[in-house]
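First comes the structure, then the notes that go with it.
The values are calculated or read from the model by the stated rules, or taken from the named source; none is laboratory data. If you're wondering where the values come from, they're calculated on a predicted model, not measured in any experiment. Don't worry about glycine lacking a Cβ; one is built from the backbone with ideal geometry, like all the others, and counts go over all protein chains shown.
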Amino acid sequence: MATEVRFKLNGNRMQMTVEDHWTLLHLLREELGLTGTKEGCGSGECGACTVVVDGLAVNSCLYLAVDVAGKDVLTIEGLAGKDGTLHPLQKSFVENGGIQCGFCTPGMILASKALLDENPRPSEAEIKHALAGNLCRCTGYVPIFASIQAVIDQGIEEVDVVVRQSESPSD
Amino acid sequence: MRKFAYLVPKTLDQAVSLHQSHGNRAMYVAGGTDVMVKVKSGKITPDYLISLKHALGSPQLRVNSDTGELHIGSLVTHRTLETSSTIKRHYPILHDAVQHIGSVQIRNVATIGGNLVNAVPSADGAIPLIALDAVAKVYAGTGERTVDLIHFFEGPGQTVLAPGEILTEIVVPKQPAPSAGAYQKYGRREAMELPLIGVGVQLSLEQGSNRCTKARIALGVAAPTPMRSLAAEHYLVGKEITEETLGEAGKLAADESRVRDSVRGLAWYRREMVEVFVKRMGMKCLERIKEMGA
């Protein structure tokens with residue numbers, strides 16, 4: 001069975017027909033070609049597929065695509081500005097070595113963004129608690145936590161999403 | 001992934017009738033963090049997933065000011081419980097437990113009702129609610145019935161819910177004052193992990209003293225279903241709560257537990273940890289009651 005859903009994706013209004021059994025991860029990667037969201041374990045353990053739905057970090061591998069109806073979805077593709085200006089979190093991950101192979105990075109950055117939007121001044125313990133569902137096999141986590149800390153230390157009040165104004169497929 | 005149809009009934013009656021017409025080819029789903037893992041792995045093969053998201057209405061977490069009862073709608077997420085100041089202040093045993101279930105990503109989606117219905121022996125959500133004497137409200141199509149949560153579980157993955165029945169709400173009765181609770185999920189790491197053992201202690205004291213008026217000691221992974229140690233509870237009532245009496249209660253709880261060997265840990269070790277954590281959580285209850293009074 002298929003269902004018609006309307007939702008927002010990285011600021012763009014979307015209207016499309018999705019199969020009932022599609023996960024949000026499938027919708028993003030296979031149907032829309034947005035391969036920035038990664039599939040790691042596929043069972044909600046690793047956090048590589050993390051996206052933000054209505055301000056909350058979720059595992060897109062377990063989230064049914066039909067359930068995004070009426071919701072606002074943010075993926076890693078929606079973070080940078082249209083001109084390529086990196087989001088402060090992306091910039092900080094680059095500058096502080098929070099990225100090695102890069103596979104966990106989109107999930108790490110989106111989980112961090114959801115955290116900072118909710119709590120702009122988290123303690124180190126709160127950062128670790130918020131990222132406990134994101135596994136990284138390269139960095140040992142220290143540079144990742146440092147990357148987030150650097151954004152907090154810069155005191156950037158506006159960590160909010162820079163909506164990319166690309167052409168909308170729906171209207 | 002195997003195909004299924006996703007049905008979103010608007011009312012509980014519609015949900016029940018859909019479940020009846022599709023029989024065992026259908027399955028209820030709420031947050032889906034357990035169901036989807038099982039569907040993806042092929043462990044279950046439903047043709048229909050019936051979402052309860054609309055039928056159960058918007059998730060409610062509220063204290064009834066007349067009765068003092070805490071009402072937790074089935075669809076309330078673990079994250080909502082984790083971040084609720086009411087839960088943190090008045091039901092710390094529940095706050096202790098939910099903050100270590102899965103990850104933020106899981107807790108943002110996974111519901112307390114789903115956690116209970118899933119009925120794994122390690123149900124971290126169930127142990128503190130049992131220690132709080134919670135009651136489950138069940139919609140049966142013909143009406144509503146209530147079940148004490150301690151009697152809700154029949155075995156691993158088995159609850160008293162008949163096919164088609166829906167868990168709608170958890171009600172926690174008003175606790176006698178002063179009281180507090182604490183829960184320890186004990187495992188190898190704090191997140192994304194099933195516990196080796198789960199220990200919840202909820203104590204009520206006499207006003208102005210450390211004499212225990214009511215005790216609840218609930219254990220997870222200590223038996224095929226969540227259990228209470230009645231021996232330890234009976235022992236504590238009427239006694240001064242001290243390290244010594246809590247140590248004795250820990251021994252009684254360890255003896256009463258029906259722990260077993262598994263890949264996560266051996267029975268003898270689990271038994272020792274029950275003893276250790278009953279005492280430790282009991283001391284934490286004392287500390288918390290003092291903080292509340294301060």
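Mind telling me which of the residues A:ASP72, A:ASP67 ends up being of a type in the set (Asp, Glu) and more than 15 Å from the chain's Cα centre (by Cα)?
Values: A:ASP72 fails: more than 15 Å from the chain's Cα centre (by Cα).
It is A:ASP67.
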Note on region B:36-50: residues at the interface with another protein chain (Cβ under 9 Å from one of its Cβ atoms) and either surrounded by 20 or more Cβ atoms within 10 Å (Cβ to Cβ) or of a type outside the set (Ser, Thr, Tyr) (or both) are B:MET36, B:VAL37, B:VAL39, B:LYS40, B:LEU49
Can you spot a residue in region A:20-38 that is modelled with pLDDT of 95 or more, within 12 Å of chain B (Cβ to nearest Cβ), under 20 Å from B:LYS38 (Cβ atoms) and in a strand (DSSP E or B)?
-> yes
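Picking from A:ALA57, A:ALA65, A:ALA48, which residue would you name as being more than 9 Å from every other protein chain (Cβ to nearest Cβ), of a type in the set (Gly, Ala, Ser) and in contact with a strand residue (DSSP E or B) (Cβ under 7 Å, 6 or more places away or on another chain)? Steps first, answer last, please.
Details: A:ALA57 fails: more than 9 Å from every other protein chain (Cβ to nearest Cβ); A:ALA48 fails: in contact with a strand residue (DSSP E or B) (Cβ under 7 Å, 6 or more places away or on another chain).
Just a single option satisfies the conditions, and that option is A:ALA65.
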Any chance B:ALA232 is surrounded by 16 or more Cβ atoms within 10 Å (Cβ to Cβ), part of a helix (DSSP H, G or I), hydrophobic (A, V, I, L, M, F, W, C) and not assigned by TED's automatic domain parsing to the domain that holds B:LEU132 = yes
Could you say whether any residue in region B:58-72 is surrounded by 15 or more Cβ atoms within 10 Å (Cβ to Cβ), in contact with a strand residue (DSSP E or B) (Cβ under 9 Å, 6 or more places away or on another chain) and small (Gly, Ala, Ser)?
-> no
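So, A:ASP67, is that one of a type in the set (Asp, Glu), modelled with pLDDT of 95 or more and under 19 Å from B:HIS78 (Cβ atoms) or not? Let's see the steps before the verdict.
Numbers: of a type in the set (Asp, Glu): yes; modelled with pLDDT of 95 or more: yes; under 19 Å from B:HIS78 (Cβ atoms): yes.
So A:ASP67 passes the test.
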Among the candidates B:LEU56, B:LEU81, B:LEU52, B:LEU70, which residue alone is in contact with a Phe, Trp or Tyr (Cβ under 6 Å, 6 or more places away or on another chain) and in contact (Cβ under 8 Å) with a residue 24 or more places away in the chain?
-> B:LEU52
When B:GLY208 is run through (1) crowded, with 23+ Cβ neighbours inside 10 Å; (2) modelled with pLDDT under 95, the failure sits at (1)
Which numbered condition A:LYS8 misses (of (1) away from chain B (no Cβ under 11 Å); (2) modelled with pLDDT under 95) = (2)
Please find, among B:LYS290, B:LYS251, B:LYS214, the residue that is more than 14 Å from B:TYR186 (Cα to Cα), of a type in the set (D, E, K, R) and crowded, with 16+ Cβ neighbours inside 10 Å.
-> B:LYS251
For region B:60-82, state whether one or more residues are away from chain A (no Cβ under 14 Å) and closer than 21 Å to B:PRO163 by Cβ.
-> yes
Residues being surrounded by 24 or more Cβ atoms within 10 Å (Cβ to Cβ) and within 14 Å of chain A (Cβ to nearest Cβ): count how many of those fall in region B:181-193.
-> 1
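Go through region A:1-16 and count every residue that is small (Gly, Ala, Ser), under 22 Å from A:LYS82 (Cβ atoms) and more than 16 Å from the chain's Cα centre (by Cα).
As a first pass, look at region A:1-16 and keep what is small (Gly, Ala, Ser): A:2, A:11.
Filter again for under 22 Å from A:LYS82 (Cβ atoms), leaving A:11.
Restricting the remaining residues to those that are more than 16 Å from the chain's Cα centre (by Cα) gives none.
Result for region A:1-16: 0.
Which of the residues belonging to region B:194-205 are in contact with a Ser or Thr (Cβ under 8 Å, 6 or more places away or on another chain) and either surrounded by fewer than 22 Cβ atoms within 10 Å (Cβ to Cβ) or more than 23 Å from A:ALA132 (Cβ to Cβ) (or both)? Walk me through how you get there before you give the answer.
Initially, region B:194-205 is screened for residues in contact with a Ser or Thr (Cβ under 8 Å, 6 or more places away or on another chain), giving B:194-195, B:198, B:202-205.
Within region B:194-205, B:LEU194, B:GLN202, B:LEU203, B:SER204, B:LEU205 qualify.
One line per residue, one yes/no per condition, for (1) closer than 21 Å to B:VAL29 by Cβ; (2) touching a Pro at 6+ places or on another chain (Cβ under 9 Å):
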| position | (1), (2) |
| --- | --- |
| B:GLU69 | no, yes |
| B:VAL76 | yes, yes |
| B:THR80 | yes, yes |
| B:SER84 | no, no |
| B:HIS95 | no, yes |
| B:ILE101 | yes, no |
| B:VAL120 | yes, yes |
| B:TYR139 | yes, no |
| B:THR146 | no, no |
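Looking at region B:194-212, is at least one residue within 14 Å of chain A (Cβ to nearest Cβ) and within 24 Å of B:LYS284 (Cα to Cα)? I'd like the intermediate steps shown before the answer.
Initial filter on region B:194-212 (within 14 Å of chain A (Cβ to nearest Cβ)): B:194.
Now restrict to residues that are within 24 Å of B:LYS284 (Cα to Cα): B:194.
Yes: one or more hits.
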Mind checking which residues of region A:58-85 are crowded, with 16+ Cβ neighbours inside 10 Å and either free of Cβ contacts under 8 Å to residues at least 60 places away in the same chain or on the phi > 0 side of the Ramachandran plot (or both)?
-> A:VAL58, A:SER60, A:CYS61, A:LEU62, A:TYR63, A:LEU64, A:ASP67, A:ILE76
Restricting region A:17-57 to residues that are of a type in the set (S, T, N, Q) and within 15 Å of the chain's Cα centre (by Cα), the residue that is surrounded by the most Cβ atoms within 10 Å (Cβ to Cβ) = A:THR50
Mind counting the residues in region A:86-117 that are surrounded by fewer than 18 Cβ atoms within 10 Å (Cβ to Cβ), in contact with a Leu (Cβ under 9 Å, 6 or more places away or on another chain) and either within 14 Å of another protein chain (Cβ to nearest Cβ) or outside any helix (DSSP H, G or I) (or both)?
-> 1
